[in-house]
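Take a look at the structure below.
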Amino acid sequence: MADVYIVEACRSPIGKRGKGLAGLKPADLLGKVQVAALERAGLDPMDVDQVVGGCVSQVGEQTFNIARIAWLSQGLPLEVASTTVDAQCGSSQQATSMAASMVGAGIEDVVMSCGIEMMSRVPLGSAMKDGSPMGENYGNYYQPTSQFMGAAMIAEEYQITRQDTDQFGLESQQKAIKAWEEGRFDREIVAIEAPILNEKFEPTGETRTISKDEGLRETTLDSLAGLDPVPGQSIHTAGSSSQVSDGAAAVIMASGEACERLGLKPRAKIVATTLVGVDPVTMLKGPIPASRKVLERAGLTLEDIDVFEVNEAFASVVMAWEKDLGVDHDKVNVNGGAIALGHPTGSTGARLITTALHELERRQGRYALIAMCCGGGLGTGTIIERIGD
C-alpha cells in the first residue's frame, strides 16, 4: 500500500449532555468541523474525493447519511460523495481506516474521515427503542448483555477493584485539567458558536461560543468513593466511566503525490490500522488484540510507541489493557480521556487520532497507537508516525 499522510486533524470541544453544544443539530456541528479542517489544511473542498464519517445512533437527526448531510449543510460541493459507517464506539476510527485504505490503494487522492455524536439530542440506544436488533438466533450463540456488565466482568477477570477505578478516574480528571491549563488542546480545537437553550430545551435566540471541553471537574478520592455504582455492577461509577457527550472531529488524509500537487503539508503517516472481533458478551476487550495485531502489522513493539490513546469507556477497559500488554502507564492518555473529557461515541475515534497527532507534535515523538473498545465485541487499532519538525 502506498503511503497515506494526515495533513489536518481537528475537533470540536466536547460538550456535556444538555449544555453548550446541545442547541446544534448533528449535521450543523459536524459541518462546522469539516469546514474548519479544510480551512486549516488550506484545501479546496473540490479537491476532496470522498468523505467517510462515523456515527453510532443513526436515527432521527443522525440518519440519512449524516456525513453527507453535514457536508451539504455548509454549502460544500455536491460532487464530493460521503458515506457514513457504524462500528459502534469505533465508528470514526474505522472511518479513518477506510479513508486511509482508499488513499493507500490509489482509489482516491484525498479523503476526509470524520465523526459525530450528539448524545443530548439522539441518546445512545435510540435506534433500539422500537425493538432489539438481535433477531431470533443471536441468543443461541451469545447471551445479550450490557457494556456496564462487560466492564464489570473485565474488572473481575483482571482483579481490578473499586478503589483502582476511582484512582484511575481521578487521574483522568487531573491530567485533563493540567492539559487545558497548559494549552495542550488549543491547536486541535475548533471553537463553535451554538444556540443557547432554555430550561425547556428550546432556543432562546441567543448564541455563545464554546471553546473548551465541558466535562472537566475538580474531584477527590473521597468524593469519588461516595458515588453510587452504575447500573448492574459495583466497580464503576460516573467518576470512572465515560461521560455522555456531544462532539465532532475530522481528519484529512492524502497521498504523497496529492500533497505535492496541492501544496499540502504531511504531518503524520498512517502506519497500520486494524479492526478485530472479540467476545460480544464481555464486549470491551477489543483494544488488547487490536493493539497486538496493529503492532505486528507495523513491525513495531510497545517500546517504540511514544503516545498511547486508549478510549476510557470505563476505567477497567484501559487498566486491563495496560495489565495484559504490560504498557508503561505514564505514556497512556497523558492528557486525560473520556472519563474527564467525554465520549461522543461516533466522533471519539477521530478525536483520539487528532489528540494523538497533536501530542506527538508537542513532545516531538515519533509513534502513537490509538485503540478503542466497541459495543458488540469489536476493537480498533491505528498507529501513526509523526512527519517533519
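So, Leu38, is that one in contact with a helix residue (DSSP H, G or I) (Cβ under 6 Å, 6 or more places away or on another chain), more than 24 Å from Leu378 (Cβ to Cβ), aliphatic (A, V, I, L, M) and in contact (Cβ under 8 Å) with a residue 40 or more places away in the chain or not?
Numbers: in contact with a helix residue (DSSP H, G or I) (Cβ under 6 Å, 6 or more places away or on another chain): yes; more than 24 Å from Leu378 (Cβ to Cβ): yes; aliphatic (A, V, I, L, M): yes; in contact (Cβ under 8 Å) with a residue 40 or more places away in the chain: yes.
So Leu38 passes the test.
Give me the pairs: first residue in the stretch 268-280 and farther than 18 Å from Ala87 by Cα, second residue part of a loop (DSSP other than H, G, I, E, B) and not aliphatic (A, V, I, L, M), beta-carbon distance under 6 Å, and six or more apart or on different chains, which are they?
Lys269/Asp3
Could you list, in sequence order, all residues of the stretch 194-223 that are touching a residue at least 60 places away in the same chain (Cβ under 8 Å), under 26 Å from Thr355 (Cβ atoms) and either of a type in the set (Phe, Trp, Tyr) or in contact with a strand residue (DSSP E or B) (Cβ under 7 Å, 6 or more places away or on another chain) (or both)?
Listed by number, the residues that qualify are Ala194, Arg208, Ile210, Ser211, Glu214, Gly215.
Scan the stretch 375-387 and tell me whether some residue there is part of a helix (DSSP H, G or I) and surrounded by fewer than 24 Cβ atoms within 10 Å (Cβ to Cβ).
No, the stretch 375-387 has no match at all.
Tally time: how many residues in the stretch 137-155 are in contact (Cβ under 8 Å) with a residue 60 or more places away in the chain and either touching a Leu at 6+ places or on another chain (Cβ under 9 Å) or of a type outside the set (Phe, Trp, Tyr) (or both)?
The qualifying residues number 11.
To keep it simple, each residue is scored yes or no on (1) surrounded by 24 or more Cβ atoms within 10 Å (Cβ to Cβ); (2) out of contact with any strand residue (DSSP E or B) (no Cβ under 8 Å at 6 or more places or on another chain).
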| site | (1), (2) |
| --- | --- |
| Ala249 | yes, no |
| Ile252 | yes, no |
| Lys265 | no, no |
| Ser291 | yes, no |
| Leu302 | no, yes |
| Asp328 | no, yes |
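In the stretch 192-206, is there at least one residue being out of contact with any helix residue (DSSP H, G or I) (no Cβ under 7 Å at 6 or more places or on another chain) and among the aromatic types (Phe, Trp, Tyr)?
yes
Filter the stretch 56-79 down to the residues that are polar (S, T, N, Q), in a loop (DSSP other than H, G, I, E, B) and under 18 Å from the mean Cα position of the chain (by Cα) and list them by number. So that I can check it myself, show each step before the final result.
Here is the first cut: in the stretch 56-79, the residues polar (S, T, N, Q) are 57-58, 62-63, 65, 73-74.
Now drop any that are not in a loop (DSSP other than H, G, I, E, B), which leaves 57-58, 63, 65, 74.
Scanning the stretch 56-79 gives Ser57, Gln58.
Search the stretch 1-35 for residues being in contact with a helix residue (DSSP H, G or I) (Cβ under 7 Å, 6 or more places away or on another chain), part of a loop (DSSP other than H, G, I, E, B) and of a type in the set (D, E, K, R), and hand back the single one that is surrounded by the most Cβ atoms within 10 Å (Cβ to Cβ). If you could, list the steps in order and put the result at the bottom.
Our first condition is that a residue be in contact with a helix residue (DSSP H, G or I) (Cβ under 7 Å, 6 or more places away or on another chain); within the stretch 1-35, this holds for 1-12, 14, 21, 25-28, 30-31, 34.
Applying the additional criterion that residues be part of a loop (DSSP other than H, G, I, E, B) yields 1-3, 12, 14, 21, 25.
Then drop every residue that is not of a type in the set (D, E, K, R), which leaves 3, 25.
Values: Asp3: 17, Lys25: 19.
Step by step, filter the stretch 1-35, then rank; the result is Lys25.
Just one of (1) within 13 Å of Thr165 (Cα to Cα); (2) surrounded by fewer than 20 Cβ atoms within 10 Å (Cβ to Cβ) trips up Gly205, so point out which.
It is condition (1) that Gly205 fails.
Computed from the coordinates by the stated procedures, all read-outs in this text should not be read as laboratory data. Since we're looking at a predicted model, the values are computed, not measured. Every residue, glycine as well, gets a Cβ built from its backbone with ideal geometry; the counts of neighbours run over all protein chains shown.
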